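Worksheet: one structure, shown below.
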Amino acid sequence: MHRTTPQTTATNRPRQTALWTAGLTAMALGAAFSAGQARAQGAGIFKGADLKLGEQLIAQHQCTQCHTQKMGGNGAAMYRPQGRINTAGLLRGMVEQCNATLNFQMFPEDVTAVAAVLNRDHYHFKD
């Protein structure tokens, strides 16, 4: 018995394009929803965060040294850039971005712990 593999043809190409477009739309809507949630969240997202772990992770990943190298001085200019991080959710999102960009492979609770320390020490967001 001879098996054939599906080939892309003119007849199934519109279906594939529609599925691909639907997938991209779903991802975009999910990202927009997540971003909206992040902006809406108060400092309550840090409740129960392991601050000691956050401090250890900041030291382990040399966050302060990296921020100092990028911004100069003591690195404090990295915190509260004009108009960028103005909610607890966006702060956590920025820590997640560093996690992903630098491939730290931190778990969600690790990201929250780091963000909670940054909130305690620099941002002071309230519920």
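Considering the range 103-127, and only residues there that are outside any helix (DSSP H, G or I) and at pLDDT 95 or above, the residue that is farthest from residue 71 (Cα to Cα) turns out to be 107. Applying the set (1) surrounded by 14 or more Cβ atoms within 10 Å (Cβ to Cβ); (2) touching a helix residue (DSSP H, G or I) at 6+ places or on another chain (Cβ under 8 Å); (3) modelled with pLDDT of 80 or more; (4) over 17 Å from residue 108 (Cβ atoms) to residue 70 leaves exactly one unmet item: (1). Taking the stated definitions as given, is residue 80 surrounded by fewer than 19 Cβ atoms within 10 Å (Cβ to Cβ), modelled with pLDDT under 95 and out of contact with any His (no Cβ under 9 Å at 6 or more places or on another chain)? Criteria not met by residue 80.
Restricting the range 48-73 to residues that are among the charged types (D, E, K, R) and within 19 Å of the chain's Cα centre (by Cα), the residue that is nearest to residue 98 (Cα to Cα) is 55. Residues in the range 74-102 that are under 12 Å from the mean Cα position of the chain (by Cα) and not in a helix (DSSP H, G or I): 102 alone. Surrounded by fewer than 14 Cβ atoms within 10 Å (Cβ to Cβ) and either aromatic (Phe, Trp, Tyr) or under 16 Å from residue 45 (Cβ atoms) (or both), is that true of residue 126? The answer is yes for residue 126.
The values are calculated or read from the model by the stated rules, or taken from the named source; none is laboratory data. Small disclaimer: the values here were computed from a predicted structure and weren't measured. Quick reminder, even Gly has a Cβ in these numbers, built from the backbone with ideal geometry, and neighbours come from all protein chains shown.
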